[in-house]
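J.: The following block contains the structure, expressed as structure tokens.
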Amino acid sequence: MTHDVAELKQFAVLHAKAQDLGAAPAVLDRIQSDDGDRPGSWVREWSREADRLRREDRLLAAAAHYNMARFPFVDGDARAGALENCVDTFARWAAPRGISRLELTVRGARVRCWARGLSARERRPVLVMCGGIVSIKEQWGPALTAITRLGLAGVVVELPGVGENPLRYDADSGQLFSAVLDEIAGRADVSACYLLAFSFSGHAALRCALADRRIRGVVTAGAPVAHFFRDREWQAGLPRITVDTLEHLTGTPVDGLASWALTEHELSSLDIPVGYAASARDEIIPAADPGLVAAHVRDAELVVHDDVHGSPGFIAPTRLWAVHTILRMRGGRPAHRAAVAAALKVARWQARTGSRRKKVVAGGQADSGRKHRETLGSDREDRRRAHPGDADPHVS
């Protein structure tokens, strides 16, 4: 498959910024085609920069550039080679930092993850992290060092069909989270699990939480809920790269996914806290979807940025908001929460002054009496349900 280069470049911006790829503009300027591994092609130019960084022993940066080379998904030998280089290079970076491979069998297939902080002797509560339909586990793996510093065990997985995950992406893909918990039950406190699931994995996380009582909270950003799957008019306006990726992963036309939609009854039955960061100008997820979360999830916190999908202008505050939200759900130590809240205020101020954009808050989308936070750095603390054992998390 050959992708439209202009669209590839457009959607690469968010992922390049999220991985702090300062050389991305220069690489993008050299790209003229998506023709395999030829000079000037998408894969060749990203890989060439990655090769240089790897020779300089800048392994994490090299892995990130290989990741961009295989973006948005593996569709041939060139991108398959880039993915292999990405995984191998990340593994070299990860090993001395205590990040190890975790493998489990799901539906008869072997699924590979990255993990840190698992221990049969000191079983910590666990945070399972997952990206969306175009981001692989190596993109999120570096977060494992921060997760364990907060007293949690961490596992990073991929949606089925993404990266090294060989499964087919379908409506039941949320079962992957339960399979991870089953696998690590002897090395983590899986009765206290939190899911940090971005984009399409947020939908899978919500569906999994309906059935798996071990999940105590879900934090997501830009997740489809119901309207994305049902609204054919909206689907007709989706970016080609999104449609191609979804159809590649699911083996189903986008307009055939209506049965994936979560119902209002299902959302209302969730008795765990849910945090959702949305983008006011999202070209992929309709505004009605975060509105459903606000209107029907009992304990919902919704924050909306004035930005496009993924809120590239608000990456730092969104990350910190996600961590702060997890800590509040968890009942993390006050010192940890205060430190993250302080950093969040700074990041929010920097995003506001740097972009001159105003954050749009979701209170007007759904007048349901649900809780919303107007500022990411607010000192107010939402009351969360207390769970046994949540008051004293382990600290590494």
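J.: Name the residues in the stretch 148-163 that are touching a Phe, Trp or Tyr at 6+ places or on another chain (Cβ under 9 Å) and part of a strand (DSSP E or B), would you?
T.: 154, 155, 156, 157
J.: Now, a different point. Can you work out which of the residues in the stretch 119-133 that are aliphatic (A, V, I, L, M) and in contact with a helix residue (DSSP H, G or I) (Cβ under 6 Å, 6 or more places away or on another chain) is farthest from residue 224 (Cα to Cα)?
T.: 127
J.: Would it be correct to say that residue 204 is closer than 18 Å to residue 251 by Cα, outside any loop (DSSP other than H, G, I, E, B) and either in contact (Cβ under 8 Å) with a residue 24 or more places away in the chain or among the charged types (D, E, K, R) (or both)?
T.: When the stated conditions are applied, residue 204 passes them.
J.: So, one more: Which one of the conditions (1) farther than 19 Å from residue 226 by Cβ; (2) within 16 Å of the chain's Cα centre (by Cα); (3) of a type outside the set (Phe, Trp, Tyr) does residue 274 fail to meet, given that it meets all the rest?
T.: (1)
J.: Oh, and also: Going by the structure shown, is residue 176 under 16 Å from residue 111 (Cβ atoms) and in contact with a strand residue (DSSP E or B) (Cβ under 9 Å, 6 or more places away or on another chain)?
T.: Numbers: under 16 Å from residue 111 (Cβ atoms): yes; in contact with a strand residue (DSSP E or B) (Cβ under 9 Å, 6 or more places away or on another chain): yes.
Yes: the conditions hold for residue 176.
J.: Here is a further query. Condition check: assigned to a helix (DSSP H, G or I) and closer than 17 Å to residue 222 by Cβ. Does residue 313 satisfy that?
T.: Against the criterion (assigned to a helix (DSSP H, G or I) and closer than 17 Å to residue 222 by Cβ), residue 313 qualifies.
J.: Return yes when residue 107 is modelled with pLDDT under 95, surrounded by fewer than 16 Cβ atoms within 10 Å (Cβ to Cβ) and either within 23 Å of residue 201 (Cα to Cα) or in the same structural domain as residue 202 (by TED's automatic domain parsing) (or both) and no when it is not.
T.: Yes.
J.: Among what's in the stretch 1-17 and is surrounded by fewer than 20 Cβ atoms within 10 Å (Cβ to Cβ) and hydrophobic (A, V, I, L, M, F, W, C), pick the residue that is nearest to residue 141 (Cα to Cα).
T.: By that ranking, first place goes to 14.
J.: May I pose another question? Inspect all residues belonging to the stretch 269-282 and state whether any of them is in contact with a Gly (Cβ under 8 Å, 6 or more places away or on another chain) and among the acidic types (Asp, Glu).
T.: Checked against the condition, which is being in contact with a Gly (Cβ under 8 Å, 6 or more places away or on another chain) and among the acidic types (Asp, Glu), the stretch 269-282 yields at least one hit.
J.: Do you know which residues across the stretch 267-296 are within 14 Å of residue 207 (Cβ to Cβ) and surrounded by fewer than 16 Cβ atoms within 10 Å (Cβ to Cβ)?
T.: Within the stretch 267-296, 269 is the sole residue that qualifies.
The values are calculated or read from the model by the stated rules, or taken from the named source; none is laboratory data. Since this is a predicted model, take the numbers as computed values, not measurements. Here Cβ is always computed from backbone atoms with ideal geometry, including for glycine, and neighbour counts include all displayed protein chains.
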